[in-house]
Structures are given as C-alpha cells and as structure tokens.
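All remarks here apply to the structure that follows.
The values are calculated or read from the model by the stated rules, or taken from the named source; none is laboratory data. As the structure is a prediction and not an experimental result, all values here were calculated from the model. Counting neighbours? That spans all protein chains shown, and the Cβs are built from the backbone with ideal geometry, glycine included. These accessible areas exclude ligands, DNA and RNA; they are computed on the full protein's heavy atoms, side chains included. Shrake-Rupley method; radii C 1.70, N 1.55, O 1.52, S 1.80 Å.
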Amino acid sequence: MLSILFAVVGIMGAMPEEISLLTQDLKNHQEVQIGPRTYHTGTLYGTEAVVVYPCVGKVASASVATTLIHRFHVDQLFFSGTAGAADSQLQVGDIVIADRLVQHDLDARPFFKQFEVPFLNESVFFTDPSLVEAAYQTAESFLDNDMNGLIDAASIDAFSLYSPQVYIGGIASGDQFIADPLKIQEICRLIPGTLCVEMEGAAVAHVCFENQIPFLIFRVISDRADHSAPVDFLKFVRKIANSYSKGLIQGLIYQLN
Ligand code: ADE
C-alpha cells in the first residue's frame, strides 16, 4: 500500500531532444547534479517523478537506472525514445512497447550462451504484462486523440505520420547505432521476434530485473536502421520524438493513477 501512496517514477531518455519537454511540466522542479547529469525532480502530472537525460548506450543507462533506484528510490522506471525498425512491417512513427528485451551485443561464448548475462542465467528480460497492457491503451489513445495536438500538420506531412500503429514485441539493445540492413537481418535471425533496435532498453531492463523494479520501454520508430538511418534519425529526433515522449508518458501516468 505504501509503495502506491508514495510512488516515485523514474523517467529516462537518451538524447535531450527525445525527452526534455517533460521537464517543462514538472511542478516544484528541482535539479540535483550527480556526476555529469542533472536529475530533474518534482511532480509530473500529479505523480512524484525524477526525469533524467542524456543517457545514451548501455553503460550510461545502467548507471542512471541504478542511481534512480538507490538514490531516488523510484519504484518504477520508464524509458521513452526512438528506435530503428528491425521488422520490415514497421514504419517511421509507429510505437513499439517492449514485452521482452535482449542485449544483442552480449556474447561471452564459449563460457555462456550467446546473449546470456553471465552468472544471472538470463538472456531475455520480460516486462510486467500489466504495464504492457496499460502502455498499449496509452499508445492507442495518444495516436487517436493527442498526437495531432502535439505535432503540427507540416511535420505530420513531412514524416508521413498518417496512420501510425502500436506494436508489442521484442526489442534488441546494443552499443551500436545500426545503419546496416545486413546487421539487422542477423539480429532478427538470432533473436526472433525483434521489432526494433536501440541502445539502452535491455540494460535498463537488466538493472530493473536485478532490483525487482517494474519497468516500461516505449520506442517510436525514427529510421529503418539502414544506410539512411543517421540522417532520418536526426531529422526525426529534432522534430518529432519529444512530442511522442510527452504524450506517451503523460498518458501512462494518468492511466496508472
Ligand atoms: N535509435 C534510433 N535508431 C537507432 C538505430 N538505427 N540503431 C540504434 N539505436 C537507434
């Protein structure tokens, strides 16, 4: 009961452009500097929250997740940002909610199985199904009702965001920005069910698993992880990503309260 009454949510993002809008909505906003990062504390949409960025790559995100859990005592952790499509069905603007995450670059063979975290006996980290369900409702409602109020018509046209879809499935994370269709094919072959790739989710999931903290990873597709990915990614991040994060995190907090 206490953990519900005094719930603190940790919210992480990779690039500032993917998450920084949320800090403008913090009430009683205070800043705590720890190492190179500012942790933004306050009340977000009625819930006590800590928002932190930038956080790019597995080590940075594992370090920040650990700080959020042990210094700020968050009792759930959300990560919102972009991803490269791995499944060819996915289009730019689609939302992926991870129900499972794998570190695609973790390979301690021959001592452990490929992708297995040594001495943890786990390769795949699963999201709590009730959080996945809440996130799905939130994402559908964002696309149906809120997106057009947050993203201007010119940007909707520029990125052809006419009928984005919500997907639930696997996310593969690694310390690589992927811009190579062959690499994506290889990841999909080795980790069936992978919908998209990014650089943080599985590390956050791993830390949350070790600390028994519920987590949710939201991703919006910014690129196809192909040769145009670096250009597509930057354009999307500069214009669109922040609005998705704001709408999705706001919706999720309301949905859970
Ligand atoms: N985040 C967004 N696009 C990505 C890509 N292509 N590879 C890794 N992380 C990403």
(request) Could you list which residues have their amide H under 5 Å from that of Y39, counting only those 5 or more apart in sequence or on another chain, with H placed in the peptide plane? (result) V32, Q33, I34
(request) With a ≥ b ≥ c taken as the square roots of the eigenvalues of the C-alpha gyration tensor of the chain, please select rounded if a/c is under 1.5 and otherwise prolate if a/b is larger than b/c or oblate if it is not? (result) oblate
(request) Using a Förster distance of 41 angstrom, determine the FRET efficiency expected from the C-beta separation of Y162 and Q114, and round it to 0.05. (result) 0.55
(message) Only four residue types carry charge here, +1 at the Cβ of Lys and Arg and -1 at the Cβ of Asp and Glu. Report the dipole size of the chain about the Cα centre in Debye, rounded to the nearest 20.
(response) 380
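Set the Förster distance to 41 Å, then compute FRET efficiency between S88 and N257 from the Cβ-Cβ distance, nearest 0.05. Walk me through the numbers on the way to the answer.
Numbers: r = 37 Å, r/R0 = 0.91.
The computed FRET efficiency comes out at 0.65.
Specify whether the C-alpha gyration tensor of region 1-138 places it in the rounded, prolate or oblate class, a ≥ b ≥ c being the square roots of the eigenvalues: rounded for a/c under 1.5, otherwise prolate if a/b is larger than b/c and oblate if not.
Values: a/c = 1.64, a/b = 1.43, b/c = 1.15.
It comes out prolate by the Cα gyration axes.
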(message) Tell me which of A83, S123, I34 sits at the most positive position along the dipole axis of the chain, charges placed on C-beta atoms (Lys, Arg +1; Asp, Glu -1).
(response) I34
(message) Using only DSSP helix segments of four residues or longer, with each worth -39500 (n - 2.57), what per-residue ellipticity at 222 nm results for the chain after dividing by its residue count and rounding to 500?
(response) -10000 deg cm²/dmol
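Rounded to the nearest 0.05, what FRET efficiency do A153 and I34 have when you use their Cβ-Cβ distance and R0 = 35 Å?
0.30
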(request) Could you check how much of the accessible area of the chain is carbon and sulfur, as a whole percent, using a 1.4 Å probe? (result) 53
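Please calculate how many Å² of accessible area the chain carries per residue, with a 1.4 Å probe and no DNA, RNA or ligand atoms counted.
Details: 11660 Å² over 257 residues.
Accessible area per residue, the chain: 45 Å².
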